[in-house]
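Beneath this line is the structure, given in structure tokens, with notes to follow.
The values are calculated or read from the model by the stated rules, or taken from the named source; none is laboratory data. Small disclaimer: the values here were computed from a predicted structure and weren't measured. Heads up, the Cβs are rebuilt from the backbone with ideal geometry, glycines too, and the neighbour counts pull from every protein chain shown. For the accessible areas, the whole protein counts, side chains as well, though only heavy atoms, and no ligand, DNA or RNA atoms are used. Shrake-Rupley method; radii C 1.70, N 1.55, O 1.52, S 1.80 Å.
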Amino acid sequence: RPGFYPMAISTAGVQLVFRTDAEGLRLRVTTPEGKLYHRYFAYDILVDEVLTGQLKNFPDTMENGHYDEIPLTQEPAEGYFSLGSGTKTVRIVFPWSMNLGLELLELENATFAEPVAKSKKLLIYGDSITQGACSLYPSQTYAAQLGRWLDAEAISKAVGSEYYYPELAQIKLQTCPDYITVSYGCNDWYHLSREEFTDRCHRFWAAVCQNYPAAKKFALTPIYYLADCGER
């Protein structure tokens with residue numbers, strides 16, 4: 001839907017994972033032009049799965065729920081992060097909230113840097129909960145953690161405020177995922193009739209099963225909305 005297009009092109013789920021002996025990392029990103037759905041962002045930098053720092057545009061003292069009050073400038077945001085000595089795995093988790101341009105990634109005193117390959121592929125569908133909405137740490141969203149636990153390259157198709165959209169499921173990836181998770185329902189009950197909900201749900205899952213017959217598929221239901229669902 002047009003009003004949610006800025007969320008659809010955010011970098012939710014995007015990560016860089018590599019091994020290196022670099023002692024430091026410098027990042028510089030540029031903010032996008034045009035309409036934005038959110039005005040705050042954070043990059044997480046993890047060293048051997050320990051959060052080392054964030055490149056973000058909001059202070060640590062900001063209360064949750066007030067991040068969109070931050071004035072967004074077009075000036076590049078830049079930060080330096082100490083990685084320590086020796087060989088380590090670095091994971092850079094991109095923001096879920098907007099699409100920023102990676103202008104500079106510089107490794108200090110590095111003799112090598114090599115990508116870390118994942119053993120599986122994970123395809124993730126969902127709404128704002130899956131995309132990571134309101135999370136201050138993109139690395140702590142359930143989708144990011146699920147990909148790490150499964151040692152999977154996680155491909156996020158989540159869009160905030162979205163509901164079952166069969167046309168999205170009909171778009172087949174060039175690669176076949178090992179796992180697929182689908183998490184809708186919160187928005188469906190508030191925007192669709194029961195008949196529309198049921199029809200969209202059936203057509204969505206039919207497309208998923210047709211495109212990826214060998215993948216293991218999991219439906220994640222919003223259990224805290226079951227009371228509302230029961231009334232409908």
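Below, the figures for the structure above:
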quantity	calculated
Selection from the stretch 1-42 of residues that are surrounded by 15 or more Cβ atoms within 10 Å (Cβ to Cβ) and over 30 Å from ASN109 (Cβ atoms)	PRO6, MET7, ALA8, SER10, ALA12, GLY13, PRO32, LEU36, TYR37, HIS38, ARG39, TYR40
Selection within the stretch 96-114 - open to solvent by 50 Å² or more (accessible area, probe 1.4 Å), in a strand (DSSP E or B) and within 21 Å of TYR40 (Cα to Cα)	LEU102, GLU103, LEU105
When residues of the stretch 1-49 are limited to those that are charged (D, E, K, R) and part of a strand (DSSP E or B), the one nearest to TYR163 (Cα to Cα)	ASP44
Single unsatisfied condition, PHE218 versus (1) under 19 Å from the mean Cα position of the chain (by Cα); (2) farther than 26 Å from THR52 by Cβ; (3) in contact (Cβ under 8 Å) with a residue 40 or more places away in the chain	(3)
Residue list for the stretch 115-168, restricted to those being polar (S, T, N, Q) and buried (at least 16 other Cβ atoms within 10 Å of the Cβ)	SER128, THR130, GLN131, SER135, SER139, THR141, SER156, SER161
